[in-house]
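The values are calculated or read from the model by the stated rules, or taken from the named source; none is laboratory data. A quick note: this is a predicted structure, and the numbers were derived from the prediction, not measured. Cβ placement follows ideal geometry from the backbone for every residue including glycine, while neighbour counts extend to all protein chains displayed.
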Amino acid sequence: MSPDAFPQLPQAVTLLKQGQLVAFPTETVYGLGADARNPEALERLYATKGRPRNHPVIVHLARVEQLSEWAQEIPETAWVLAKAFWPGPLTLLLKRHPTVSDQVTGGQETIALRIPAHPVALALLEAFEGGLAAPSANRFGRISPTTPAHVYEDLGEAVPLILDGGPCEVGIESTIVDLTQPQAIIRRPGLLTAADMEEVLGQPVQTAQPGPAVVETVRTPGALESHYAPQAPLRLLMSADLSMEVTARLTAGQSVAVLSHHHSPQTEILQATSGLITVQLQPQAAAYAKDLYAALRWLDAQHPDVILVEDPPRDCEWVGIRDRLSRAAAPLPPKTGRMP
Ligand code: TXA
Ligand code: MG
């Protein structure tokens, strides 16, 4: 992409070189970019996101050869996965290069690296000629942004430039695979599945069980239980229970938001009652993921008492979606009866 095709590119590069932040689109979600070799830029990044300093960030690159500037003792599996899936929604966890700062890694010996598949991101990374630390461009703990408007909603004027690359195609964050041990382990599931990677690696890929142990040992914020969360309490419900729950809550005078994918909760209720808002997403994982965060943000903006989400399918391509939804549901207080 030439600067003519994207006139804000030179300004973006100038800002980044000055240690400022630039939000940019990737195929997964929008990232908040900072020069990964500039301590002041990294400090600004953590402050703007409201993110704890010891939570590491992903470094985004333009070309596979740059891997060895950021990581060392790179296993063959990394090159194989990079060749197969980059640019794309995959982040590799590798042993960090000694020149990488603790600000990037949260003081850990690992570094997370990825080449995103979005023409604007790639053009920016090529023009910048270095690594960009880029967490999702939301405030810490909230829903990741999939449009420039979402970034502005969360961060406003704190970011001097938001590059507009339209809505993100993938819609949920990249799959993170840990290659620092003999066996590849998925630390954060995404649309790219263990099966996809097993096929090119010819060896099993495990999925880490999230929980306190993971949080403490590798401090993956995505592994914190309460994350990716709207303001309203969110509950996951089996399809069969959805209509009854909606009715009970409406009867109790609550305003209810429903996110479904094939089950539409009682059309009669929907027509007859105020206090109910519904969004129905497509029943295919890729299409569902693409619209998920925008739908959650929109429902949340209606300030319902609760967001009820129809439990997504258990098939392997839904693992990343299930992961994000269960984390969004985590802040709820313990159940007392049926109501939160
Ligand atoms: O799709 C994505 O990955 C997006 C786009 C912008 O690329 N980025 C993203 O970044 O989701 P963030 O910071 O919101 O989530 C990155 C995850 C966090 O859970 C972080 O802890 C983990 O990657 N991570 C980063 N560096 C790590 C490291 N050295 N060791 C372990 N986990 C790491
Ligand atoms: Mg994030």
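Scanning the range 112-134 for residues that are buried (at least 23 other Cβ atoms within 10 Å of the Cβ) and either of a type in the set (Asp, Glu) or within 12 Å of ligand 2 (Cβ to nearest atom) (or both) yields ALA112, ALA134.
From the list GLY33, GLY88, which residue is among the small types (Gly, Ala, Ser), within 16 Å of ligand 2 (Cβ to nearest atom) and under 20 Å from the mean Cα position of the chain (by Cα)? Being among the small types (Gly, Ala, Ser), within 16 Å of ligand 2 (Cβ to nearest atom) and under 20 Å from the mean Cα position of the chain (by Cα) holds for just one of GLY33, GLY88, which is GLY33. Contact map, the range 130-145: residues that are farther than 28 Å from LEU67 by Cβ paired with residues that are near ligand 1 (Cβ under 9 Å from one of its atoms) and of a type outside the set (Phe, Trp, Tyr), Cβ distance under 6 Å, separation 6+ or inter-chain. Pairs shown: GLY141/HIS227.
When residues in the range 262-297 are screened for being modelled with pLDDT under 95 and outside any loop (DSSP other than H, G, I, E, B), 11 of them pass. Within the range 239-259, being over 21 Å from PRO313 (Cβ atoms), part of a helix (DSSP H, G or I) and of a type outside the set (Lys, Arg) holds for THR247, ALA248, LEU250, THR251. Find the helices (runs of 4 or more DSSP H) located wholly in the range 1-70 whose residues include 2 or more that are within 17 Å of PRO119 (Cβ to Cβ) and at pLDDT 95 or above, and list them. The helices (runs of 4 or more DSSP H) meeting that bar are 9-17.
Among the conditions (1) within 28 Å of PRO312 (Cα to Cα); (2) assigned to a loop (DSSP other than H, G, I, E, B), the only one that ALA149 does not satisfy is (2). Among residues of the range 275-290 that are under 15 Å from ARG324 (Cα atoms), those with a beta-carbon under 7 Å from a residue that is surrounded by 17 or more Cβ atoms within 10 Å (Cβ to Cβ) and of a type in the set (Val, Ile, Thr) at least six positions away or on a different chain give the pairs ALA285/ILE321; TYR288/ILE321; ALA289/VAL170; ALA289/ILE172; ALA289/ILE321; LYS290/VAL170.
Scanning the range 62-85 for residues that are crowded, with 18+ Cβ neighbours inside 10 Å and either within 12 Å of ligand 1 (Cβ to nearest atom) or free of Cβ contacts under 8 Å to residues at least 12 places away in the same chain (or both) yields a count of 2. The residues in the range 11-61 that are surrounded by fewer than 16 Cβ atoms within 10 Å (Cβ to Cβ) and on the phi < 0 side of the Ramachandran plot can be counted, and the count is 11. Just name the residue that is farthest from ligand 2 (Cβ to nearest atom) out of those in the range 135-149 that are surrounded by fewer than 24 Cβ atoms within 10 Å (Cβ to Cβ) and more than 20 Å from HIS60 (Cα to Cα). Across the range 135-149, the extreme among qualifying residues is ALA149. Please tell me if PRO98 is near ligand 1 (Cβ under 10 Å from one of its atoms) and either in a helix (DSSP H, G or I) or in contact with a strand residue (DSSP E or B) (Cβ under 8 Å, 6 or more places away or on another chain) (or both). Answer is no for this residue. In the range 114-129, of all residues being near ligand 1 (Cβ under 9 Å from one of its atoms) and of a type outside the set (Lys, Arg), the one that is nearest to the chain's Cα centre (by Cα) corresponds to PRO116.
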